[in-house]
């Protein structure tokens, strides 16, 4: 899944993206970048980021 799709499907993940100071919200590249690519571009630890994303998704169920 690409970043934009994740944020649209699970809006609670937007706060995680912003907390990591990633510029994905509203970015036209977000429709193409996977989580791995976005983490690499922003020099974010992908494992930690995924844990936080999953927590945000689970908290909204």
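Just a few scattered comments:
- Complete set of residues in the stretch 15-41 that are surrounded by 16 or more Cβ atoms within 10 Å (Cβ to Cβ) and without any contact (Cβ under 8 Å) to a residue 24 or more places away in the chain: 17, 22, 24, 39
- Test: residue in the stretch 51-58 that is loosely packed, with under 15 Cβ neighbours inside 10 Å, within 10 Å of residue 3 (Cβ to Cβ) and within 11 Å of the chain's Cα centre (by Cα): no
Where a number appears in this text, it was derived from the coordinates with a stated rule and is not lab data. This is a predicted model, so every value here is computed, not measured. Quick reminder, even Gly has a Cβ in these numbers, built from the backbone with ideal geometry, and neighbours come from all protein chains shown.
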